[in-house]
Amino acid sequence: MGARSITPHSPAKTLFGDEFNKGKAYSNWRPHGSGDFLLIYTVIGAGVIGIPGGVVRTRPGDLLLYEPQAAQDYGTAPGKPGRWRLLWAHFVPRPAWRVWLQWREIAPGIRLIRLAAAQRRPCEEAMRRMIRASLRPGPIQTDLAAAALEEVILLGRAALAEEMEPAFDPRIARAVALLTDRFKDPFHLPTLARQCGLSVSRFSHLFRARIGCTAGQFLEQQRLFHAAHMLRLTALTVTEIAAESGFANPFYFTNRFRRRHGISPTGFRARSDIAR
């Protein structure tokens, strides 16, 4: 089998979206991601999503999210119905969206929400409003598109909360907000638990049950996301970016960044420059 052709893409400056109705020949392959977030909503048919060790098949009502450097390997699912109708958006998230986008990961940097039947219509309507606004010129259209996309993101977050039993704990929501807003601050688990009115053991149990990882792991995700953004958009040194992202030790930062993204910060910056 010959080498696969990489699907070209220029990262979004803010957001843009469209609707596709594709047959069996449709596929995309971006092994280094797209450099922006990609949200795909399945309307009709099915897509097949390649992940390490296997594939995931989407179905109507699925919201699929790719983070900027997550490998994108997707296309129309084989077999019946043989078509995939999808609504999509490439975007750069507003700061407040980051906490709402902590959906369940099906693979590193790839997240999936499966909407119940009653949740699909408002999500599809918001996606279509986003697409219409993003395709029209003018700054107000950009804001309208962002408002519609924010609605979709919140609907996804609400769907995730409804899946949890009991409902999403406001104390854990506070912890997520604190970790997102103050990701540069030193991490001290007992202090965070106390700020949320919980013992350390109870807090740790609830956080992992609701978010799917520890508070420390969640914080590291926020720091590494910020670092990747700084590497793409600034000329700061790796040491400076490490400090700006909450890492006191630049060598530790480099190790953690490589583990998350599969490449060093310097290599990541060079690859981002080539992509531009």
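The values are calculated or read from the model by the stated rules, or taken from the named source; none is laboratory data. Model, not experiment: these values are computed from the prediction. Here the Cβ is made from the backbone with ideal geometry for all residues, glycine too, and neighbour counts use every protein chain on show. With ligands, DNA and RNA removed, areas are computed over all heavy atoms of the protein, side chains included. Shrake-Rupley method; radii C 1.70, N 1.55, O 1.52, S 1.80 Å.
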- Note on the structure: Output for Cβ contacts, cut-off 8 Å, separation at least six or different chains, first residue free of Cβ contacts under 8 Å to residues at least 24 places away in the same chain and basic (Lys, Arg) in region 203-219, second in a loop (DSSP other than H, G, I, E, B) and surrounded by fewer than 14 Cβ atoms within 10 Å (Cβ to Cβ), reads 208/214
- Would a scan of region 241-255 turn up a residue that is touching a helix residue (DSSP H, G or I) at 6+ places or on another chain (Cβ under 9 Å), more than 29 Å from residue 204 (Cβ to Cβ) and either among the charged types (D, E, K, R) or modelled with pLDDT of 90 or more (or both)? yes
- Query: Looking at 179, 189, 224, 236, which one is free of Cβ contacts under 8 Å to residues at least 40 places away in the same chain and surrounded by 17 or more Cβ atoms within 10 Å (Cβ to Cβ)?
  - Reply: 224
- Among the numbered conditions (1) open to solvent by 10 Å² or more (accessible area, probe 1.4 Å); (2) in contact (Cβ under 8 Å) with a residue 24 or more places away in the chain, tell me where residue 159 comes up short. (1)
- The listed residue being more than 18 Å from residue 99 (Cα to Cα) and either crowded, with 20+ Cβ neighbours inside 10 Å or touching a strand residue (DSSP E or B) at 6+ places or on another chain (Cβ under 6 Å) (or both), out of 268, 218: 268
- Residue pairs within 9 Å by beta carbon, gap of at least six or interchain, first lying in region 1-24 and in a loop (DSSP other than H, G, I, E, B) and at pLDDT 90 or above, second among the β-branched types (Val, Ile, Thr) and open to solvent by less than 70 Å² (accessible area, probe 1.4 Å), listed first then second, are 23/76; 24/76
